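What follows draws every value from the coordinates through simple rules; no lab data is involved. A quick note: this is a predicted structure, and the numbers were derived from the prediction, not measured. Positions of Cβ are generated from backbone atoms using ideal geometry, with glycine treated the same way; all protein chains shown enter the neighbour counts.
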Amino acid sequence: MRDHVRVVVQGRGRRGRGAGLARVLWAAAELTVTVGVVVLLLVVHQVWWTNRQAAAAAREEVEELESQWAAAAPVSEDGGGVVGGVGGEELGGGGFSEVPSGGGRTAGAVPREAPARAAGSDAYAVLRVPRLGLVVPVAQGIDKRGVLDKGYVGHYPGTAAPGARGNFALAGHRNTHGEPFRYVNRLRAGDELIVDVRGRRFVYVVGKALAQTTERDTGVIAPVPHSVVRPDAGYGEPGSYITLTTCTPEYSSRYRLVVWGTLKR
């Protein structure tokens, strides 16, 4: 008789289960990497690409505004530039008041309120901050999609027009979408904030700043700007002011950073 040799193979079930677990772990790892790459691309798009797009669009808007102003400006007989009014046309939005010349203001009619739109454009003014190398269009309103996300600076509704008595209050992104106000924390007392409106120039001088306050501190954009959170911050007398507001700290919207200036006399 032949002896029968029986070979018993053990562990095949364990190896099968182990292989299955390895495949699951590998798939999970691939999914994690894929999700990570997608998130990274979204971050790059939000932080880098939207900045480039918004900044480029804002520069084009400034060029468009300046071209409109140059084309609309009547020239005096001696070639001396703009005569009467604002670029030869009235700005809409609530009437005019006479302002004496000198000290950063041009003689003539100044609107009490900014126009909602400039002809053929979303913006009506240009803000220049020499210390920061900033040149950015100013549009009416602080809507994110319609104004701020386009890389513009937004003019708070109900606040004063450029050069007028009261508070010309502005808001801008500190990060993403052109981030025009990213470095406003670097401004110092005496720095100039220049606002051009269709042939007219208003020069403000930085006077005070509030490094941090809450988003509910509406006093910072009041006609006489002051903080209702920090009673020692702000001004106590009527005048012609400018206010720049943005989020702080960077990449957060928890608090607000405020810079104030007064119209140059």
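At-a-glance table
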item	result
Added length on full extension, which subtracts the Cα-Cα distance from 0.36 nm per residue, LEU31 to LYS208	58.6 nm
Separation of the ALA72 and ALA22 label points, Cα + 7 Å toward Cβ, nm	7.3 nm
Overall form of the stretch 152-255 per C-alpha gyration tensor (a/c, 1.5; a/b vs b/c)	oblate
Highest to lowest packing among 126-139, 215-228, 149-162, scored as the average C-beta count within 10 Å	149-162, 126-139, 215-228
